[in-house]
Structures are given as structure tokens and as C-alpha cells.
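Chemist: Before we start, here is the structure in question, set down as C-alpha cells.
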Amino acid sequence: MARPNILFIMADDHASHAMGCYGSRINETPNIDRIADQGIRIDNCFCTNSICAPSRAVILTGKHAHINGVKTLGDRFDGRQQTMPKLMQDAGYQTAMVGKWHLGEGGNSSPTGFDYWNVLPGQGDYHNPVMLSPAGEQQYSGYVTDIITDLSLDWLDQRDRNRPFMLMCHHKAPHRWWEPDDEHASLYAAEDIPLPDTLFDDYSGRSQAAKEAKMRIERDFMYRDLKLVPPAGASITDTIEIPDDLTDFSLRPVDGEPVGFGSRREVVEWLYQRYIKDYLRCVASIDDNVGRMLDYLETEGCAEETLVVYTSDQGFFLGDHGWYDKRFMYEESLRMPLVVRYPQEIPSGTSSSYMALNLDFAQTFLDYAEAPVPDDMQGRSLRPLFRGESPTDWRTSMYYRYWMHLAHHYVGAHYGVRTERYKLIHYYGEALGTSDSIDESKPAEWELFDLKTDAAELHSVYDDPAYASVAADLKDELQRLKKEALDFE
Ligand code: CA
């Protein structure tokens with residue numbers, strides 16, 4: 001069997017609970033679902049550090065953040081190190097990177113290991129984006145998700161058909177500021193999106209870290225986030241504040257009339273609708289464009305011999321726990337979607353509950369490329385899981401670490417372990433000299449969740465004597481994983 005092409009589509013901040021194939025209650029994604037229907041859905045894929053650039057660096061290197069050098073958004077990726085794309089190129093693959101790179105540009109941070117690259121600088125823009133390639137900057141007119149797809153298809157069209165390819169088609173959407181295109185701007189206009197069960201979470205039963213985080217729908221959105229006109233004297237980057245007395249309070253969409261409210265709860269629900277509809281509109285455009293890519297493979301007659309991967313760099317809070325954003329080790333943020341199709345090898349309509357990590361992607365692709373895997377990579381090829389095998393020695397726990405202490409949304413640095421049933425999180429309360437962190441000490445805290453009895457993670461049982469031995473075992477496991485990951489900080 002010839003080595004497969006690899007089409008690696010990745011979105012930014014697309015949580016699995018906004019995908020039909022994962023049972024979304026809030027939207028439909030028929031094209032992404034085609035990948036799952038014709039291949040496999042991985043039900044427990046997690047990221048090792050739930051934030052954009054760090055997750056991308058893990059994917060490129062197959063190494064944890066403290067090894068690859070990108071622990072925070074403030075760290076620049078050093079492309080002189082060993083990377084999966086360079087190894088794929090060495091193995092004879094033609095390689096391309098189109099879209100969101102977000103690992104810095106210029107110097108040693110520009111993409112390496114690609115025959116072709118054309119990327120957004122930084123976060124990039126949704127509309128008429130500037131893109132960077134070895135030829136320099138160019139502005140494109142149109143919507144970013146369409147443009148990334150167009151450029152990906154253009155590259156596929158001119159490729160050498162006698163050699164396999166690896167194309168990284170990495171979307172900016174649905175990252176904040178959640179700006180939809182005209183085609184999807186009115187989607188959901190006439191309906192309400194169901195509310196998440198924990199929208200009105202009061203954060204009791206958990207750490208101060210959860211209470212103190214500044215990512216609440218109720219209090220931490222900017223006017224810009226929700227496309228609202230700021231009141232006189234305020235700017236679009238000011239925070240929306242809901243007064244106690246709502247008599248004279250209203251919010252005005254940039255595209256509509258001012259809206260008044262009868263209760264605080266009504267305001268929060270309205271803010272949630274503003275947020276989630278734009279997020280889902282951005283997702284709808286990705287889904288359409290995934291369909292275009294899949295159709296292209298069919299037309300080209302290479303769908304059978306192409307491994308198609310759809311994932312996101314991490315999960316996202318979609319109003320869950322009253323939040324937007326990510327960073328925390330809680331499920332909605334930790335969990336990555338991962339659906340994969342490769343008809344020659346992967347049985348259709350299957351799923352796997354084995355634990356997969358972003359750390360595994362590099363080794364997985366090298367495995368399909370029949371390329372040697374360097375000893376210093378820290379993950380494991382997912383190919384046996386994709387084939388439907390049940391390995392007896394698979395991991396049953398994973399190590400997580402978020403390094404950006406209190407910077408951006410005031411989320412404290414933490415590390416933790418997740419097993420099939422439990423999750424232990426330690427907020428260690430220090431910046432430890434890490435870049436893009438605030439040097440402010442906080443009391444150390446622990447949280448322990450029993451995911452079997454508390455899937456929503458509302459009640460830490462860390463102080464419950466009934467869980468004392470579970471907590472002790474998890475602390476041992478956390479230390480074992482930390483050492484195994486070569487994290488000695
Ligand atoms: Ca992201």
C-alpha cells in the first residue's frame with residue numbers, strides 16, 4: 001500500500017461540543033461529520049496546554065511546551081529545532097502550510113519544513129486578510145476561511161501527483177473576535193441557541209482560581225466581542241458592565257436597535273446569544289469549506305489514499321461555567337475534537353475512547369509516512385487507535401500544564417493529571433519567571449473531580465475524606481507523569 005497523502009485541517013478554538021458528530025445540541029456540521037461517518041471519531045483527545053501557540057508548537061514537535069520552548073503566547077518558536085514537517089519533507093513528502101501559524105514570523109520563527117507556506121501574521125484578520133509568504137506580504141480580498149481554503153486548493157492543484165503530500169490547512173476561525181462572513185451573517189437570526197447547563201454557575205465548590213478568572217459572559221466581554229456600540233465616552237475595547245438598576249440600561253448592536261432588559265438573567269442570556277451565534281456562524285463557514293476540500297479529493301480521485309484529519313488546537317467554553325475562552329484544565333477547554341478518514345485503512349463510522357493527545361500528532365503522521373520517529377519525541381502514534389485496535393499498553397492518564405500565570409483573563413498557572421475517571425488540578429500560585437505571566441503570588445490550591453459522578457466538574461472532592469486515597473494516588477501519578485515529561489519546574 002502506498003503512503004497516504006495527509007490533509008491536516010485544524011481550526012482555532014473549535015470545541016467538540018459544537019460539532020454534530022460529537023452530539024452538539026447547538027449546531028450542525030454536516031461536512032466535518034462526513035469525515036467521522038466515513039472514518040473514526042476520537043472521543044478522548046486532549047491537549048497538554050490549552051492555548052493557541054503552545055498547542056501548535058506541541059503538534060509541530062511532538063514535545064511538551066517546556067521542551068519545545070513555547071510555554072506561553074510570549075515565547076517565540078525556534079524553527080531551527082527538529083519538527084515534524086521537516087521530517088516529513090525528508091521522508092519525501094511535499095509539504096505546505098496555509099493559514100494560521102501563530103508561532104511568530106521573521107527570524108527563526110517563520111515556518112520551516114514546507115515547500116510552500118502562506119500564513120496569517122499573528123492572529124490575522126477575518127476580512128481582507130494580509131498574508132505572509134517567502135515572497136512577502138500580500139493582502140487578499142474576501143473572507144479568511146474561504147481564502148485559506150482557496151490557497152490550499154491552488155497548492156493541491158499544482159502539486160507533483162507522483163509524490164504524497166502533507167497539507168496543513170489551518171483556519172483562524174472560530175477564534176475571537178468571532179466575525180462571520182456575509183453568507184452566514186443571518187444564520188440563527190430567527191432562533192435561540194439552547195443555553196448550556198452551567199451558564200449560571202456560581203463557582204462554589206471549586207478553587208478561587210475559577211472564581212477569579214475574568215472570562216465570564218456576565219462581566220468580561222468587550223463591546224467589540226459582541227459587535228455592540230459602546231455608550232458615549234466608552235470605546236469598543238471597554239468591558240460591558242451590567243448595572244444593578246436596569247431601568248435606563250440598554251445595549252445596541254451595530255446592526256440594530258437598542259435592546260432593554262427586565263432582569264440581569266435576561267441580559268446574560270442575550271449576551272450569550274450574541275456570542276454563540278457569531279461563534280457558530282464562523283464554524284458554519286469552516287464546515288462549508290471542509291466540504292470543498294473533501295469534494296476536491298473526490299474529484300481528484302485521491303480520497304481513498306488521503307488521510308484527512310480535522311481537529312482544533314484546543315477546546316473552548318461555549319458559555320459553559322458562564323465562560324468564554326479556554327486555558328483551564330476543565331473538560332470543555334481540555335478536550336480537542338479529532339475525526340479522521342482514510343478509507344484504505346480506517347473502518348467507517350467507528351469511534352475510540354482511548355486517550356489521544358496533541359502530543360501524538362507528529363508521531364502519527366511520521367508513522368503514516370513510514371519515516372523514522374526520533375527518540376526524543378514524547379507522544380505515540382495514534383495509528384493503532386485509528387485502525388480500531390485495542391492496545392493493552394495504552395496510556396490511561398495524561399499530564400497537563402498551563403504556564404501563563406494570571407496573564408490574559410486572570411487564569412492562574414496550573415498543572416494536573418486526568419485519568420479515565422478522575423482529574424486532579426494543582427494551582428501552584430506562582431509565575432516562576434515564565435514569560436507573559438504576572439508576577440503575583442496566590443495561595444496554592446488543589447481540585448479533584450470525579451468525572452463519573454460529576455461530569456460537569458462542579459464539586460471538587462479534594463477535601464472529602466472519602467477521596468483521600470484517590471487524591472494521594474493521583475498526586476503520585478502526577479509526579480510520575482511530570483518526571484516522564486521531563487518537566488522539573
Ligand atoms: Ca486556539
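The values are calculated or read from the model by the stated rules, or taken from the named source; none is laboratory data. Given the structure is predicted, the values throughout are model-derived calculations rather than measurements. Quick reminder, even Gly has a Cβ in these numbers, built from the backbone with ideal geometry, and neighbours come from all protein chains shown. Areas reflect the complete protein model, heavy atoms only, side chains present, ligands, DNA and RNA absent. Shrake-Rupley method; radii C 1.70, N 1.55, O 1.52, S 1.80 Å.
Chemist: Taking H placed 1.01 Å from N in the peptide plane, check which residues at least 5 places from Ser351 or on another chain put their amide H under 5 Å from its amide H.
Modeler: Sorted by chain and number, the residues that satisfy this are Arg41.
Chemist: In whole angstrom, note down how far apart the Cα centers of the range 343-414 and the range 236-297 are.
Modeler: Value for the Cα centre distance between the two parts: 34 Å.
Chemist: List the lysines whose Cα lies under 16 Å from the Cα of Lys100, skipping any in the same chain that are fewer than 8 positions away.
Modeler: List returned: Lys172.
Chemist: Using alpha-carbon pairs under 8 Å, 6+ residues apart, how would you state the relative contact order of the range 399-484 in percent?
Modeler: This gives 24 percent for the range 399-484.
Chemist: In sequence order, what are the phi-derived ³J(HN,Hα) couplings for the range 205-218 according to the Karplus relation 6.51 cos²θ - 1.76 cosθ + 1.60 with θ = phi - 60°, rounded to whole Hz, with x for glycine and proline?
Modeler: With the stated coefficients, the range 205-218 comes to x, 9, 5, 5, 4, 5, 5, 7, 4, 9, 9, 7, 4, 5 Hz.
Chemist: Which one of Leu451, Gly433, Ala185 is farthest out on the positive end of the charge dipole of the chain, using unit charges on Cβ (Lys, Arg +1; Asp, Glu -1) and the Cα centre as origin?
Modeler: Working it through, the farthest residue towards the positive pole turns out to be Gly433.
Chemist: So for the chain, taking the charge dipole from beta-carbon charges (+1 Lys/Arg, -1 Asp/Glu), which of Asn31, Tyr410, Val58 sits furthest toward the positive end?
Modeler: Val58
Chemist: Once you charge only the Cβ atoms, +1 for Lys and Arg and -1 for Asp and Glu, what is the size of the charge dipole of the chain about its Cα centre, to the nearest 20 debye?
Modeler: Dipole about the Cα centre, nearest 20: 1040 debye.
Chemist: For the chain, what is the accessible area per residue in Å², given a 1.4 Å probe and the full set of protein chains? Don't jump to the answer; show the numbers that get you there.
Modeler: Details: 18480 Å² over 489 residues.
Roughly 38 Å² per residue, with all protein chains present.
Chemist: Let me ask something else about it. Using 0.36 nm times the number of residues separating Gln158 and Asp192, minus their current alpha carbon distance, what extension gain do you get?
Modeler: 7.8 nm
Chemist: At a threshold of 8 angstrom on Cα-Cα distance, excluding pairs fewer than six apart, so keeping six or more, what relative contact order does the chain reach in percent?
Modeler: On the way: 1071 pairs, mean separation 113.5, N = 489.
Relative contact order, the chain: 23 percent.
Chemist: Further, regarding this structure: First compute the accessible area of the chain with a 1.4 Å probe, then give the percent of it belonging to carbon and sulfur atoms.
Modeler: Values: 8570 of 18480 Å².
Percent of accessible area from carbon and sulfur atoms in the chain: 46.
Chemist: Count the lysine pairs in the range 399-484 that are 8 or more places apart or on different chains: how many have C-alpha atoms under 24 angstrom apart?
Modeler: The result is 9.
Chemist: Just for the Cα atoms in the range 399-484, what are the lengths along the principal axes, largest first, rounded to whole Å?
Modeler: Reported extents, whole Å, longest axis first: 37, 29, 20.
Chemist: About its Cα centre, what dipole magnitude does the range 406-449 give when the only charges are +1 on Lys and Arg Cβ and -1 on Asp and Glu Cβ, stated in debye to the nearest 20?
Modeler: Taking the Cα centre of the range 406-449 as origin, the dipole is about 260 debye.
Chemist: For the chain, just the Cα atoms, rotate onto the principal axes and tell me the three extents in Å, largest first.
Modeler: 69, 56, 44
Chemist: Report the charge-dipole magnitude of the range 399-484 in Debye, nearest 20, computed about the Cα centre from +1 at each Lys and Arg Cβ and -1 at each Asp and Glu Cβ.
Modeler: With only Lys, Arg, Asp and Glu charged at Cβ, the dipole is about 280 debye.
Chemist: Sort 136-149, 180-193 by the packing proxy (mean of other Cβ within 10 Å over each peptide's residues), most packed first.
Modeler: My ranking of the peptides, most packed first, is 136-149, 180-193.
Chemist: While we're looking at this one, here's another question. Specify whether the C-alpha gyration tensor of the range 182-338 places it in the rounded, prolate or oblate class, a ≥ b ≥ c being the square roots of the eigenvalues: rounded for a/c under 1.5, otherwise prolate if a/b is larger than b/c and oblate if not.
Modeler: In terms of gyration-tensor shape, oblate.
Chemist: Suppose R0 equals 56 Å; then what is the FRET efficiency for Asp464 and Leu246 from their Cβ-Cβ distance, rounded to the nearest 0.05? Display every interim value, and only then the final one.
Modeler: Details: r = 40 Å, r/R0 = 0.71.
The formula returns an efficiency of 0.90 here.
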